[in-house]
1. Could you work out the Kirkwood radius for the range 36-87, taking every pair of different alpha carbons, averaging 1/r and inverting it, reported in Å?
2. Cα extents of the range 1-107 along the three principal axes, largest first, in whole Å?
3. Taking the chain as a Gaussian network, Cα atoms linked when under 10 Å apart, which of 43, 96, 78 shows the biggest mean-square fluctuation?
4. So how compact is the range 51-125: Cα radius of gyration and Dmax in angstrom?
5. What is the extension gain from residue 82 to residue 68, computed as 0.36 nm multiplied by their sequence separation minus the C-alpha to C-alpha distance, in nm to one decimal?
6. Expressed in whole Å with the largest first, what are the equivalent ellipsoid semi-axes of the range 8-53 derived from the C-alpha gyration tensor as the square root of 5 times each eigenvalue?
């Protein structure tokens, strides 16, 4: 496992980009959920409630398994690992799957994340 790997991203489509207020509200809610998840699994705050939600809406329906699993690390401020994204872009380019030069900074738009963090404050502050 590469500690700089980025394994999940949010991608907005045209319809939500045409409605930026919806995208902003979604991102605020998403960041709040990341923080609830982190508080539950890394701070043991509200863990039972979060597990109940996961049991209802995920494929892992046995509550006991959540105590045996290592939780996914999610940035509670919503930012992705730019180094990992750059490593992926470089890998694709080296194999001919990406034409031209593209940096992680060019590929990732954090404007909605920035909006949510500005509104909510940085995690832990």
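1. Numbers: mean 1/r = 0.0812 Å⁻¹.
Every distinct Cα pair counted, the radius reaches 12.3 Å.
2. Principal-axis extents of the range 1-107 (Cα, largest first): 48, 37, 23 Å.
3. Highest fluctuation of the listed residues: 96.
4. For the range 51-125, the Cα-based Rg and Dmax read 17.6, 48 Å.
5. Working: separation 14, 0.36 × 14 = 5.04 nm, distance 2.98 nm.
So the extension gain works out to 2.1 nm.
6. On the way: eigenvalues 152, 18, 14 Å².
Semi-axes, largest first: 28, 10, 8 Å.
Bear in mind these aren't lab numbers, they're just calculated from the coordinates by the rules spelled out. No experiment lies behind these values; they were computed from the predicted model shown.
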